[in-house]
1. Restrict the check to segment 94-108 and report whether at least one residue is among the hydroxyl-bearing types (Ser, Thr, Tyr) and within 22 Å of Asn30 (Cβ to Cβ).
2. Looking at the structure I just gave you, is Leu143 part of a helix (DSSP H, G or I) and in contact with a helix residue (DSSP H, G or I) (Cβ under 6 Å, 6 or more places away or on another chain)?
3. Please enumerate the residues belonging to segment 120-140 that are among the aliphatic types (A, V, I, L, M) and either open to solvent by less than 50 Å² (accessible area, probe 1.4 Å) or part of a loop (DSSP other than H, G, I, E, B) (or both).
4. Out of the residues in segment 98-119 that are aliphatic (A, V, I, L, M) and not in a helix (DSSP H, G or I), which is least open to solvent (accessible area, probe 1.4 Å)?
5. Filter segment 31-74 down to the residues that are aliphatic (A, V, I, L, M) and within 18 Å of Lys146 (Cα to Cα) and list them by number.
6. Which of the residues spanning segment 36-75 are touching a residue at least 12 places away in the same chain (Cβ under 8 Å) and among the polar types (S, T, N, Q)?
7. Could you pull out every one of the helices (runs of 4 or more DSSP H) wholly within segment 1-97 that has 1 or more residues that are touching a strand residue (DSSP E or B) at 6+ places or on another chain (Cβ under 7 Å) and either open to solvent by less than 20 Å² (accessible area, probe 1.4 Å) or modelled with pLDDT under 95 (or both)?
Amino acid sequence: MPDKSRLPDPEQFFPELREIAGALTRVTMNGSIPRRTIHLVQLRIGQLVGSTYHTVRQAELLRKAGATEEQVSSVVSWSTSPYFDEAERVALELAEAVFTTSPLNERVPDELFARASACYDDKALWTLALALSQMCYFVPVALIAKPIPGMPLGKNYSS
């Protein structure tokens, strides 16, 4: 396991980041969708962007949220995996639609939105959208600064 990040902990320069990150987490963990679903989509985003840090972190959080090893292991192949229900599948499909390019089509077509609306009410859809946007906040940090995978928050950057 790497023992050094590229950059030091950003909180030494920007102490307000802890408050911002905490607020984002409180918003996404409001209870309108299961924590497991949030960590499923965030794990998939980590995989899509090639972030070892997020893949390791979200897999750990997904396990803590009650996911089985089969579920954690098959997030990468969710579309053919038997381990996810319809709401989880549509959440994973939304994550992929938002985080992968589609030069010829709208990323989130009306048909996908309609299926998501059948599984989630307005607050839950907003929560899901904000859980995806939360990763937009953290992905550049992970790809540029390379925090140490598997280390707890506050100990994932070298000095």
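1. The answer is no, given that none of the residues of segment 94-108 is among the hydroxyl-bearing types (Ser, Thr, Tyr) and within 22 Å of Asn30 (Cβ to Cβ).
2. No; evaluated as a whole, the condition is false for this residue.
3. Ala124, Leu125, Leu128, Ala129, Ala131, Leu132, Met135, Val139, listed by residue number.
4. At the first step, the residues of segment 98-119 found to be aliphatic (A, V, I, L, M) are 98, 104, 108, 112, 114, 116, 118.
Within this subset, residues satisfying the condition of being not in a helix (DSSP H, G or I) are 104, 108.
Working: Leu104: 157, Val108: 44 Å².
In this case the residue turns out to be Val108.
5. Step one: filter segment 31-74 for residues aliphatic (A, V, I, L, M), giving 33, 38, 40-41, 43, 45, 48-49, 56, 59, 61-62, 65, 67, 72.
Those that are aliphatic (A, V, I, L, M) and within 18 Å of Lys146 (Cα to Cα): Leu43, Ile45, Leu48, Val49, Val56, Ala59.
6. The answer is Thr37, Gln42, Gln47, Ser51, Thr52, Thr55, Gln58, Thr68, Gln71.
7. Those helices (runs of 4 or more DSSP H) do not exist here; none qualify.
The values are calculated or read from the model by the stated rules, or taken from the named source; none is laboratory data. Please read all numbers here as calculations on a predicted model, not as lab measurements. Reconstructed Cβ throughout: ideal geometry from the backbone, glycine too, with neighbour counts over all protein chains shown. Ligands, DNA and RNA are stripped out before the accessible areas are found, and what is left, the full protein with its side chains, is counted by its heavy atoms. Shrake-Rupley method; radii C 1.70, N 1.55, O 1.52, S 1.80 Å.
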